[in-house]
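A.B. asks: Pasting a structure here, questions to come.
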Amino acid sequence: MPKIIVEVMLKPEILDPQGQAVAAALPRLGFTFAQSVRQGKRFEIEVAGEPTPAMLADAERAAEEFLANTVIESFVVKVEQ
Amino acid sequence: MRIGVVTFPGTLDDRDAARAVEYAGAEAISLWHGSDDLKHVDAVVLPGGFSYGDYLRCGAISAKAPIMQSIIVAAEHGFPVLGICNGFQVLAEAHLLPGALTRNADMHFLCTDQKLVIENNKTMWTNGFAVGQEILIPMKNAEGNFNCDDATLHELESEGRVIARYVGANPNGSRAAIAGITNKRGNVVGLMPHPEHAIDLLTGPSEDGLTFFTSILNAMVK
């Protein structure tokens, strides 16, 4: 069933100490490929049937007002199969 | 004078806040997050803790609680609100105060007695202090790093809305070492450290915190 996905990331100018801590731990585990890491959130939202344009509009509003804090975060809303 | 203290699920410091209210000489009234009834209180304290387990973001779910909808409407009309620690986070999430409280820059949970300097004594919650007065009160948080964009910082600074700043090394990376701010009207104040834990030398590092609670009494009597 397709789901509505909301992905939330800290804006680039906001310090992400969690991402930095993860980035610092990776080389200790032998993973040397990462230059930097930023950590975000992903919401997988199930709906009845196919997501409709109205549902997606609601998801945008929910992201804007609640799922993300747009003072510090940006978000994208999409549909995934 | 009746001062409400809100309890959310996961609030820790509601009892200390109520005790501080009573030390100051007011009556503390318990308010419940799930009700929109302000019980005719004259002011409200949003205490510290980990409301809703800090799920989603600190204060984000509490900001949508029924009691907050009443507080938001009242605050926009001048009703006094003090948010301490998690309460400050709730006020920011409710957009009663600008900016956001993010992870401490060094990832540490800070628990220390913190020196602050009071910079604005015109608010309903700080009128008992002198500008430039240094106070020592406990601080305990992991998300106390005050963040805002340049325009907001400029507005806060130019309007004198920083009520308190950290003295000495910036403990958590807050912009401009900001520990507390107020809204334009001076009725809503948010502060990361905990004045309610510094009202009696038996249990706190000073009695400096009590002045926040006596200030609101002064403000209401005027």
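A.B. asks: Return the aspartates and glutamates within reach of A:K3: Cα separation strictly under 16 angstrom, same-chain partners fewer than 8 residues apart disregarded; answer none if there are no such residues.
C.D. replies: Result set, ordered by chain and number: A:E44, A:E46, A:E50, A:D58, A:E60, A:E80.
A.B. asks: Another one. Sort the following peptides by mean Cβ neighbour count (other Cβ atoms within 10 Å, averaged over residues), highest first: A:40-48, B:183-191.
C.D. replies: In descending order of packing, they fall as B:183-191, A:40-48.
A.B. asks: While we're looking at this one, here's another question. So between B:E22 and B:L202, what do we pick up on full extension, going 0.36 nm a residue minus the alpha carbon distance?
C.D. replies: This chain segment gains 63.2 nm when fully extended.
A.B. asks: Related question: Nearest-5 percent of antiparallel DSSP beta bridges in region B:2-221?
C.D. replies: If we restrict to bridges inside region B:2-221, about 55 percent are antiparallel.
A.B. asks: Next up: Mean shadow of chain A, computed from the convex hull of its alpha carbons, in nm²?
C.D. replies: 6.6
A.B. asks: Can you pull the one-decimal nm distance between simple spin-label points at B:D106 and B:Q133, each 7 Å off the Cα toward Cβ?
C.D. replies: 3.0
A.B. asks: Here's a follow-up. Check which residues have an amide H placed less than 5 Å from B:W32's amide H, if you skip close sequence neighbours.
C.D. replies: Here B:T7 satisfy the definition.
A.B. asks: Moving to a separate point now. Going by C-beta contacts inside 10 Å, put B:K115, B:K39, A:K11 in order with the fewest on the left.
C.D. replies: B:K39, A:K11, B:K115
A.B. asks: Only Lys, Arg, Asp and Glu count, each charged at its Cβ (+1, +1, -1, -1), so figure out the dipole size of region A:3-80 about its Cα centre, rounded to 20 debye.
C.D. replies: So the dipole magnitude of region A:3-80 works out to roughly 420 debye.
A.B. asks: Give or take rounding to whole Å, what are the principal axis extents of the alpha carbon atoms in region B:2-221, in descending order?
C.D. replies: 41, 36, 33
A.B. asks: Let me ask something additional. Which order, highest average first, do B:2-12, B:77-87, A:18-28, A:65-75 follow once you tally other Cβ atoms within 10 Å for each residue and take the mean per peptide?
C.D. replies: By packing density, highest mean first, the sequence is B:77-87, B:2-12, A:65-75, A:18-28.
A.B. asks: Please report the base-10 log of the normalised intensity I(q)/I(0) for the protein assembly as shown, using a Debye sum with one equal scatterer per alpha carbon and no solvent, at each q in 0.07, 0.09, 0.12 (1/Å).
C.D. replies: Scattering profile of the protein assembly as shown, log10 relative to I(0): -0.29, -0.46, -0.79.
A.B. asks: Taking chymotrypsin sites (Phe, Trp or Tyr not before Pro) as exposed when DSSP calls them loop (any state but H, G, I, E, B) and at most 14 other Cβ atoms lie within 10 Å, what is the longest stretch of chain B free of them, the sites themselves excluded?
C.D. replies: Segment B:110-222 is the longest.
A.B. asks: Once the Cα atoms of helix A:53-62 and of chain A are each reduced to a long axis, what angle between those two axes, in degrees from 0 to 90 to the nearest 10, is obtained?
C.D. replies: Approximately 50 degrees, to the nearest ten.
A.B. asks: For region B:197-203, in order, what is each residue's ³J(HN,Hα) by Karplus, 6.51 cos²θ - 1.76 cosθ + 1.60 with θ = phi - 60°, in whole Hz (x at glycine and Pro)?
C.D. replies: Each residue's phi maps through the Karplus curve to give 8, 10, 10, 8, 5, 5, 10 Hz.
A.B. asks: Taking the Cα centroid of region B:16-83 and of region A:52-66, what is the distance between the two, rounded to the nearest whole Å?
C.D. replies: Taking the Cα centre of each part, region B:16-83 and region A:52-66 sit 29 Å apart.
A.B. asks: Could you list, in their original order, any pairs among B:K122/B:K184; B:K39/B:K122; B:K140/B:K184 whose Cα atoms are separated by more than 22 Å?
C.D. replies: B:K39/B:K122; B:K140/B:K184
A.B. asks: Next up: Can you compute the FRET efficiency between A:A24 and B:Y55 using 1/(1 + (r/R0)^6), with r the Cβ-Cβ distance and R0 = 25 Å? Round to the nearest 0.05.
C.D. replies: 0.45
A.B. asks: Can you find, among B:A17, B:A60, B:N170, the residue farthest towards the positive end of the dipole of chain B? Put +1 on the C-beta of Lys and Arg, -1 on that of Asp and Glu.
C.D. replies: Towards the positive end, the residue furthest out is B:A60.
Here, each number is a calculation from the coordinates, and none is a lab measurement. Computed from a predicted model, the values in this text were never measured in an experiment. Here the Cβ is made from the backbone with ideal geometry for all residues, glycine too, and neighbour counts use every protein chain on show.
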